[in-house]
Amino acid sequence: MKSVKALASINQIRLTGLLYLLVIICAGFSQGYVRGTLIVPENAVETANNILQNKGLFQLGLTTDLIAFLLDAVIAMMLYKIFKPFNKTLAMVSSAFRLIAHPAIGSLNLLNHYMALKVLETSGMSGAFSEAQAQEMSSLLMEAHHYGYLIAGGFFGIHCLLLAMLIYKSNVFPKVFGGLLLGASAGYLIETFGNFNVPGYEGYTALIVGVAAALGEVGLTFYMITKGTTSSYKNLKELAL
């Protein structure tokens, strides 16, 4: 019988859910609102003007992204602790993929976001590049950020797949969330590999991952916050006392 110390408390699970909700809000604001509003695909001039005219918003987008990635590192460790009693190796690999996805790749990728602004506002650049060239360079950096985001999404898709397996193997959360996270995993992987190998369908892949993530990640997040865990998991803790 697992000891109580080996099992995550209900409060820890709810805290994980609360942190996950903050990540969803911060990352959704950065990617969905800030970049979704300011970045105009294939229009370097309009994008550059939007960034310069909304400098504070653009910088805030970077800040909220970084906050989300910092919180994600904590979530990865907490998920490992939650699922460790059921399959230590799988829990470790799952958390490792989450750590690589956003705290590592995502955070480093923010350099592209930051430099897209610096290229436009640095006076020293004017001697080497024309305004049009600076705008094109800024647009290229934001495109690099986009593809860096996709690479991180590939790692996160594997994390969702492994997390789904952990949910099926344990009794921590209802198994329906395992199925929903399988869908989220497929969405992230389709977006990553689809956009790299079959360009031209970015709108469709973004819609797929948006719906899949909303059902899987957001659903699980609110379950963690409101319910904490399944009744069978609670009974297991009581038996361990």
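Here are the numbers:
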item	result
Every pair of residues 6+ apart whose Cβ atoms lie under 6 Å, when the first sits in the range 9-22 and is free of Cβ contacts under 8 Å to residues at least 60 places away in the same chain and at positive phi while the second is surrounded by fewer than 17 Cβ atoms within 10 Å (Cβ to Cβ) and among the basic types (Lys, Arg)	none
Pairs where the first residue, in the range 56-81, is within 20 Å of Ala116 (Cα to Cα) and the second is modelled with pLDDT of 95 or more and open to solvent by 50 Å² or more (accessible area, probe 1.4 Å), C-beta under 7 Å, 6+ apart	Leu62/Tyr114; Thr64/Phe29
Single residue of the range 159-172 satisfying the filter (open to solvent by 40 Å² or more (accessible area, probe 1.4 Å) and assigned to a helix (DSSP H, G or I)) that is farthest from Arg35 (Cα to Cα)	Lys169
Hits in the range 50-103 (condition: at pLDDT below 95 and of a type in the set (Val, Ile, Thr))	Ile82
Test: Ala184 is surrounded by 20 or more Cβ atoms within 10 Å (Cβ to Cβ), in contact with an Asp or Glu (Cβ under 8 Å, 6 or more places away or on another chain), part of a helix (DSSP H, G or I) and among the small types (Gly, Ala, Ser)	yes
Filtered residues of the range 158-214 (kept if closer than 29 Å to Glu42 by Cβ and of a type in the set (Phe, Trp, Tyr))	Tyr188, Phe193, Phe196, Tyr201, Tyr204
Failed item in (1) crowded, with 22+ Cβ neighbours inside 10 Å; (2) outside any helix (DSSP H, G or I); (3) not basic (Lys, Arg), with Phe156 passing the rest	(2)
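The values are calculated or read from the model by the stated rules, or taken from the named source; none is laboratory data. Quick caveat, the model's predicted, so the values are computed rather than measured. Virtual Cβ from ideal backbone geometry, glycine too; neighbours counted across all protein chains shown. What goes into the accessible areas is simple: the full protein's heavy atoms, side chains included, and nothing from ligands, DNA or RNA. Shrake-Rupley method; radii C 1.70, N 1.55, O 1.52, S 1.80 Å.
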